[in-house]
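Asker: Supplied in structure tokens, the structure appears directly below.
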Ligand SMILES: *[C@@H]1O[C@H](CO)[C@@H](O)[C@H](O)[C@H]1NC(C)=O
């Protein structure tokens, strides 16, 4: 009887002693791309593991704190979701380029697409691997035709003799002198099936004034020295103030052969110019 009781007693003491001496477990983290759910780190406490959206848990889902202060299970790993290679036919017009290294497509990885010319890409130029293992919408390659460029008045068009014009084909325009072009001379067939620009040839302007000092390209010069203005060029005329002995300047622009002289400008005959001061030589008003 005595030895049995004694040993029972001993077992009880040993057990209590072990529980009292049980060490706390240490924080096992961090868990990359996941979370560790912890209430406390005491003996027998269970912690749970979960992975962030777009990551798959590989390994144990929970772990328990053991009497010696170690965890019953190792940390799991959160592996990114893998997307299958995008569905593009091997010899099709649509192709993609992997930007990141590695031979698999992982969650949040972006690839960029291109179409074989002359096909044009419609939709997003990139696609991203999503948390559910699918790709965002893939683009499409479509054929685009532009109409033959229309003939240009006072000018010409350079292009290859060809029946049809496709996406990214270019034509270039030129104007016969003295006409000048109002836009870039090159035009490109766009995705929309239209030409990027349609320049026109604009006429130069004669200046309908014989005697005047004008401001042209930042310089005061005699208007006789300017043979003509090109389309969109600007000159400034000097007008005399009606009330003060000063002058102000007014600009006018050549618009396709038309140049209007400001109403306030008074042309002075050669004879009268001996007596009258040129407004361009007067002090500017408002100074
Ligand atoms: C761990 O998961 C179990 C079972 O789902 C749950 O009962 C327990 O509360 C969780 N513990 C923590 C710390 O989240």
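All of the numbers you see were taken from the coordinates with simple rules; none came from a lab. These numbers were taken from a predicted model, which means no experiment stands behind them.
Asker: Between 277, 198, 249, find the one with the highest GNM mean-square fluctuation for the chain; connect C-alpha pairs within less than 10 Å.
Answerer: Per the Cα network of the chain with a 10 Å cutoff, 277 tops the list.
Asker: For the range 208-250, just the Cα set please: Rg and Dmax, both in angstrom.
Answerer: Rg then Dmax for the range 208-250, in Å: 11.4, 35.
Asker: Two-decimal Rg/Rh of the range 34-80 from alpha-carbon positions, Kirkwood Rh?
Answerer: Details: Rg = 11.2 Å, Rh = 11.0 Å.
Rounded to two decimals, Rg/Rh equals 1.02.
Asker: What do you get for the angle between helix 2-21 and the principal long axis of the chain? Use alpha-carbon atoms, 0 to 90 degrees, nearest ten.
Answerer: Helix 2-21 sits roughly 10 degrees off the main axis of the chain.
Asker: Over the range 34-80, what is the relative contact order in whole percent, taking alpha-carbon pairs under 8 Å and six or more residues apart? Kindly include the intermediate steps, with their values, before the conclusion.
Answerer: Details: 90 pairs, mean separation 16.3, N = 47.
Reported relative contact order: 35 percent.
Asker: While we're looking at this one, here's another question. Using every pair of alpha-carbon atoms in the chain, split the distances into 5 Å bins beginning at 0 and state the percent of pairs per bin, rounded to integers.
Answerer: Taking all Cα pairs of the chain, the binned fractions are 1, 5, 7, 7, 6, 5, 5, 5, 5, 5, 5, 5, 5, 5, 5, 4, 4, 3, 3, 2, 2, 1, 1, 1, 1, 1, 0, 0, 0, 0, 0 percent.
Asker: So, one more: For the range 82-143, what is the convex hull (Cα atoms) projected area averaged across all directions, in square nanometres? Walk me through the numbers before you get to the answer.
Answerer: Values: hull surface 15.9 nm².
Over all viewing directions, the range 82-143 projects a mean Cα-hull area of 4.0 nm².
Asker: Under a 10 Å cutoff between Cα atoms, tell me which one of 145, 266, 183 has the largest fluctuation in the Gaussian network model of the chain.
Answerer: Top of the fluctuation ranking is 266.
Asker: Please report the relative contact order for the chain, taking Cα pairs under 8 Å with a sequence separation of at least 6, and give it as a percent rounded to a whole number. Write down the numbers at each step before the final one.
Answerer: Details: 577 pairs, mean separation 24.9, N = 287.
Answer for the chain is 9 percent.
Asker: Among 135, 274, 195, which one shows the highest mean-square fluctuation when the chain is modelled as a Gaussian network with alpha-carbon springs under 10 Å?
Answerer: Looking only at 135, 274, 195, the largest GNM fluctuation is found for 274.
Asker: Still on this model: Go ahead and estimate [θ] at 222 nm for the chain from helices alone: -39,500 (n - 2.57) per DSSP H run with n ≥ 4, summed, over the residue count, rounded to 500. Don't jump to the answer; show the numbers that get you there.
Answerer: Values: 1 runs with 20 residues, N = 287.
Calculated at 222 nm, the ellipticity per residue is -2500 deg cm²/dmol.
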